[in-house]
1. Measure off 7 Å from each Cα along the Cα-to-Cβ vector at B:Arg209 and B:Met337, then give the distance between these two points in nanometres to one decimal.
2. Report the equivalent ellipsoid semi-axes for region A:5-70 in whole Å, largest first, defined as the square roots of five times the eigenvalues of the gyration tensor built from alpha carbon atoms.
3. Averaging the inverse of every distinct alpha carbon separation and then flipping it gives the Kirkwood radius. What is it for the protein assembly as shown, in angstrom units?
4. Within 10 Å of each candidate Cβ there may be at most 11 other Cβ atoms; applying that plus a DSSP loop requirement, which trypsin sites (Lys or Arg not before Pro) in region B:249-325 survive?
5. Report, in degrees rounded to the nearest 10, the 0 to 90 angle that the Cα long axis of helix A:55-71 makes with the longest principal axis of chain A.
6. Within region B:243-301, which GluC sites (Glu not before Pro) sit in a loop by DSSP and count at most 11 neighbouring Cβ atoms inside 10 Å?
7. Can you give me the Cα centroid spacing of region B:226-254 and region B:328-348 in angstrom?
8. To the nearest 20 debye, what is the magnitude of the charge dipole of region B:23-115 about its Cα centre, counting +1 on the Cβ of each Lys and Arg and -1 on the Cβ of each Asp and Glu?
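Any read-out appearing in this document is the output of simple, stated calculations on the displayed coordinates, not a laboratory observation. Predicted, not measured: the structure shown is a model, and the values here were computed from it. Cβ coordinates were reconstructed from backbone atoms using ideal geometry, including for glycine residues, and neighbour counts include every protein chain displayed.
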Amino acid sequence: MCLGVPARVIRVEDNEALVAVGSVEYKASLLLLEDIKEGDYIILHAGFAIEKVDPVEAGETLKLFLEIEKDFPE
Amino acid sequence: MKYVDEYRDRELIETVSQEIKKISKKNISVMEVCGGHTMAIHRFALNTMLPDTIRLLSGPGCPVCVSSQSFIDTAVEYSKISGMIIATYGDLIRVPGSHSSLEKEKSNGSDIRIIYSVLEGLEIARANPERTVIFPGIGFETTSPATAATVIKAKRENISNFFVLSAHKIMPPVMKALVEDGVRLNGFIAPGHVSAITGSVIYNDLASRYGLSVVISGFEPLDIMQSILMLVRQIEAAHPQVEIQYKRVVNKEGNKIAQELVNHVFRTCNDDWRGLGMITSSGLSLCDEFAEFNPKRHFRINVPETIEPKGCICGNILRGMKTPPDCKNFAKECTPMNPMGACMVSSEGTCATYYKYRN
């Protein structure tokens, strides 16, 4: 019950969004988040969008991994 | 899938593993608090990619597992009231109570409905005004805001047949209780989605007062390996602090809207944890303004004396003192099909995870 997954926002209507996890669509309540728009990624947890995924920070984290790899090419 | 596949890159995971092996010198124990982390560690066999110096312990972060026996017994008794509907998250129905479970009561004719979101519970109440709906509120900081938002919605819309049996819990007190209880730890892999709500600040005194390293981690294998690397770096440098690995979702302050909803609807209370007992200020109960949603105000039930399952070591497993194979019932009398203890029920439970990936 407790697993949160990243989901893409397809459509926003009032306090609810239609979101996609891979090819499966779910409703996500937006009662806990503001300023969500189509194309955003949110963390879906028990039917609620609990936080937005920050694309800039996501890229930064991946860059860190690639830096480690550069240091240790073997 | 975006934000999933790129964090499962085998080569990158191996690279981080090599880096950990290179810098890890001290023998250390770190606890992953969240059941979601336990699942990912075993699913991707991350424990096999760490040096012998690092011991991973599983903690009390599965909400179904830590729900007390008496809480299950209470929900079971409510389910027997004529006209009652119990609207619950799915995992809870199979958790054995002292004498029964919600699943058994369902087969005895009680109206027990599995919901994915607490808002569905409210809709059931709205659609059945002559009936009564109780939602057993379980979970940590990730689910309590959803319950709070739903209670406020019920109040605003004058829905008077919806109730919340709250066993919501908060994370930092149990993390401190474990350490004070003598569980030897150097650091925590802290729960990513709890922290998305609370922000990283809730762990500050674990670092400053308890000298523990804390890294808030995402749930993909690369996230967890990087978090372990960050913990090892902190511990090797003897510089405990709170760091965020899961920066794409977590920041220092957290989700203010969710925090305000919880503060508005709930107040902290002492709470009973399975296997761990009563922990001061570790739970949430409805505050006076929302007391009308507490089923205890409206229905009288007699909850029989709690009987803990014999030979079950869930308590020590939830504290990270034992692992599932240490239990004589594990994979014998106790299996996911026929669970004796709560840790075998939920897919995020430590025993269920060990069972699934035991080979």
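1. 4.8
2. With the √(5λ) rule applied to region A:5-70, the semi-axes are 26, 12, 10 Å.
3. Details: mean 1/r = 0.0452 Å⁻¹.
By the Kirkwood definition, the hydrodynamic radius is 22.1 Å.
4. Sites meeting the loop and neighbour criteria: B:Lys252, B:Arg300, B:Lys310.
5. Result, in degrees: 20.
6. Details: sites: B:Glu243, B:Glu253, B:Glu260, B:Glu289, B:Glu292; in loops: B:Glu253.
Answer by residue number: B:Glu253.
7. 33
8. 320
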